[in-house]
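Q: First the structure, which I've put down as structure tokens, then a few questions once you've had a look.
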Amino acid sequence: MINNTAFIFPAFITEYTNKELDFLRRNNIDIDDYIQVASQVIGEELPKFSYDSHDYKRGEFLSQVIAYLFSCAISDILQKSNIVPQITAGYSMGIYANLYAVNSMSLEDGIRLIKKAYELVNEISSTAEFGMGAIIGLTYNDVNKLITENQLDAEIINVNNEHSLVIAGKIKDIEILLNVAKEEGAFSVGKLTVKTPYHSKYLAQCASGFKDFVNEIHIQDAKVPVISTYNQRFFSDVKEIKKELVYNLTEKINWYDTMKKILEGNVNVFYECGAGKDLSKIARFIDGEYEIKTVYNI
Amino acid sequence: MAQITDDTRGEVKQIVLDFFSEECEIEIDDITEESNIIGDLDGDSLMFLELIEIFKKKYSLNIELKTIGKYAVKNPVQTIGGLIDMQMLIIEHENNILNL
């Protein structure tokens, strides 16, 4: 059987498998070399990586940086191993590593984009108390109904699968929504450790500033097509990449639809290019004949 | 409503053990009814949901996830044995589980 392969890139690392560093070492890669590059771009010495590092776990910016660096390192290994995908997708902030992996931009420019996006969204998160959360066990309609009935300033900003949703909005309303979702029969609810309502309506005001910055970045056509998590279109040219970078920051995304669209193309092997196995976990309720390889089993 | 027989618990137990062994990449012999789902096996709520879906199909159960969720919130399980017992109750009582 011929494998049709997709690379998928996570946004954050909720939990390390504790096998990532071994995997990198076996492939002669030191994550601290990547951290060194990031330090130079950011202009400050970033701490060395350890699984227990508070900085990389709790800091909203550094957690994005380390997720990006691991993803880039892992995609470098796959590339050296001549594993070539037919299609690629980045989950939320995973788009930056995705674009690095398809040779659209440099490791350094990915860091620059993450930094700029963080600065812009920080301006918004300083105007009010925002937050995000996850609800497992209710449907999209169930949660939307709860938002409407309780008149909450919250939105579903991503559908992971039929039973797993991500919400964003004002923190007080997020907390209320998580409580009523639990009462409604959600199996699990939880706040995410971010103070920014990523992908919500509040991010719309970042669009112009981020677009200007994206235009300053040297971006090339992707050597492998990318699928949009915003509207599930395929793209590879510079103009569309730039558009997608802005959509990806400021608009709602739908990972479930994105995965379904990839599967329509008969992809049967996914490589989760990143630390942890978050994307493998949320794929459980996405039907299809496929396997997801993580750093555990690459 | 599914027919519960003397063999049903054994069948349910085997499915649960096979499931966690595969999902958590742990040898089946290392999983016992006393194993803590989160602490020992690194399980999560999506696994629980997936198991319910497996049993829903296998026993053609008339259940709503929300209803099971409400029951699970009131009666949380921590161990594999507790999970097997809850699955037995779901199979036996379906959506009426909330009335227990």
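Q: Is there a residue being on the phi > 0 side of the Ramachandran plot and either β-branched (Val, Ile, Thr) or touching a residue at least 24 places away in the same chain (Cβ under 8 Å) (or both) anywhere in region A:278-286? Full working, then the answer.
A: Let us first name the residues in region A:278-286 that are on the phi > 0 side of the Ramachandran plot, namely none.
No, there is no match, as no residue in region A:278-286 is on the phi > 0 side of the Ramachandran plot and either β-branched (Val, Ile, Thr) or touching a residue at least 24 places away in the same chain (Cβ under 8 Å) (or both).
Q: For region A:34-70, give me the residue count where each residue is assigned to a helix (DSSP H, G or I), at pLDDT below 90, surrounded by fewer than 18 Cβ atoms within 10 Å (Cβ to Cβ) and not acidic (Asp, Glu).
A: The qualifying residues number 3.
Q: Quick one: residue A:105 ticks every box in (1) hydrophobic (A, V, I, L, M, F, W, C); (2) away from chain B (no Cβ under 14 Å); (3) under 25 Å from residue A:159 (Cβ atoms) bar one, so which box is it?
A: (3)
Q: Would you confirm whether any residue within region A:219-231 is among the hydroxyl-bearing types (Ser, Thr, Tyr) and within 15 Å of residue A:171 (Cα to Cα)?
A: No, region A:219-231 has no match at all.
Q: If you don't mind, there's one more thing I want to ask. If you check A:195, A:211, which single one turns out to be at pLDDT below 95, out of contact with any Pro (no Cβ under 7 Å at 6 or more places or on another chain) and not polar (S, T, N, Q)?
A: It is A:195.
Q: Could you tell me which numbered condition residue A:46 fails, if it satisfies all but one of (1) over 28 Å from residue A:178 (Cα atoms); (2) touching a residue at least 40 places away in the same chain (Cβ under 8 Å)?
A: Of the numbered conditions (1) over 28 Å from residue A:178 (Cα atoms); (2) touching a residue at least 40 places away in the same chain (Cβ under 8 Å), the odd one out for residue A:46 is (2).
Q: Here is a further query. Can you tell me which residues in region A:78-92 are assigned to a helix (DSSP H, G or I) and at pLDDT 95 or above?
A: The answer is A:92, and nothing else.
Q: Look through A:244, A:272, A:291 and report the one residue that is over 16 Å from residue A:85 (Cβ atoms) and charged (D, E, K, R).
A: Details: A:272 fails: over 16 Å from residue A:85 (Cβ atoms); A:291 fails: over 16 Å from residue A:85 (Cβ atoms).
So the residue among A:244, A:272, A:291 that is over 16 Å from residue A:85 (Cβ atoms) and charged (D, E, K, R) is A:244.
Q: Within region B:68-92, how many residues are touching a helix residue (DSSP H, G or I) at 6+ places or on another chain (Cβ under 8 Å) and more than 7 Å from chain A (Cβ to nearest Cβ)?
A: Number of matching residues: 13.
Q: Of everything in region B:25-67, what is within 14 Å of chain A (Cβ to nearest Cβ), surrounded by fewer than 18 Cβ atoms within 10 Å (Cβ to Cβ), hydrophobic (A, V, I, L, M, F, W, C) and more than 17 Å from residue B:88 (Cα to Cα)? Give them in sequence order.
A: Answer for region B:25-67, where residues must be within 14 Å of chain A (Cβ to nearest Cβ), surrounded by fewer than 18 Cβ atoms within 10 Å (Cβ to Cβ), hydrophobic (A, V, I, L, M, F, W, C) and more than 17 Å from residue B:88 (Cα to Cα): B:26, B:38.
Q: With respect to the numbered conditions (1) among the hydroxyl-bearing types (Ser, Thr, Tyr); (2) at pLDDT below 90; (3) surrounded by 13 or more Cβ atoms within 10 Å (Cβ to Cβ), which one is the sole condition not fulfilled by residue B:21?
A: The one condition residue B:21 does not meet is (2).
Q: Then there is this: Collect the residues in region A:264-298 that are more than 14 Å from chain B (Cβ to nearest Cβ) and farther than 20 Å from residue A:101 by Cβ, keeping them in residue-number order.
A: Once the filter is applied, which keeps residues that are more than 14 Å from chain B (Cβ to nearest Cβ) and farther than 20 Å from residue A:101 by Cβ, region A:264-298 yields A:264, A:266, A:288, A:289.
Q: Do we find that residue A:173 is within 22 Å of residue A:142 (Cβ to Cβ), more than 14 Å from chain B (Cβ to nearest Cβ) and over 19 Å from the mean Cα position of the chain (by Cα) in this structure? Reasoning before the result, please.
A: Working: within 22 Å of residue A:142 (Cβ to Cβ): yes; more than 14 Å from chain B (Cβ to nearest Cβ): yes; over 19 Å from the mean Cα position of the chain (by Cα): yes.
Yes.
The values are calculated or read from the model by the stated rules, or taken from the named source; none is laboratory data. None of the values given here were measured: they were computed from a predicted structure. Cβ: placed from backbone, ideal geometry, glycine included. Neighbour counts: every protein chain shown.
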